[in-house]
1. Could you give the length gained by full extension between residue 75 and residue 100, i.e. 0.36 nm per residue of separation minus their alpha carbon distance, to one decimal place?
2. What is the chain's relative contact order, in percent, from Cα pairs under 8 angstrom and six or more apart in sequence?
3. About its Cα centre, what dipole magnitude does segment 2-132 give when the only charges are +1 on Lys and Arg Cβ and -1 on Asp and Glu Cβ, stated in debye to the nearest 20?
4. Amide H of residue 99 versus every other amide H placed in the peptide plane: which residues, excluding those fewer than 5 positions away on the same chain, fall under 5 Å?
5. How would 26, 74 line up from fewest to most surrounding beta-carbon atoms within 10 angstrom?
6. Under a no-solvent Debye model with one identical scatterer per Cα of the chain, what's log10 I(q)/I(0) at q = 0.10, 0.12, 0.16 Å⁻¹?
Amino acid sequence: MREAEALLRKARAKLRSAKLLLEAGELEDAVSRAYYAAFSAARAVLLLVGEEPTTHSGVAFRLWFRFVEGGLLEREYARVLNVLREAREEGDYASAFTLSEEEVEELIEDSERFVRRMEKLWREIKGTSERSLP
């Protein structure tokens, strides 16, 4: 449980970093932090239900299988995680980064929405109030 709580805190910290990097014009790194914010939040919720995937694709698959197919999460959030991962991979591995500042800002907003949804899912699973989040 403590590891899952730490991952939620990490997700929020990475979102703050993504916004700062965007302001500094570091678009590739801003996208990376936005992805890792969502990735950390997804891992936190999966850990809460005893799931511990070890790869990026494993986290996306288990999120889909456990929560989307289980009817607890809207499919748009699985799509957001995949879009963020693709953008992060472009920033990390492609020779040229093609996303504009506006597109990166939108990705950060999507990541923030994703993290908030994972926090809501956390509360739904635990049956607790917003005050109980780490």
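1. 6.4 nm
2. 33 percent
3. So the dipole magnitude of segment 2-132 works out to roughly 900 debye.
4. none
5. 74, 26
6. Values returned for q = 0.10, 0.12, 0.16 Å⁻¹ are -0.30, -0.43, -0.75.
Just so you know, all these numbers are worked out from the coordinates, no wet-lab data involved. These figures come from a predicted structure and were not determined experimentally. Note that we place each Cβ from the backbone using ideal geometry, even for glycine, and neighbour counts take in every protein chain shown.
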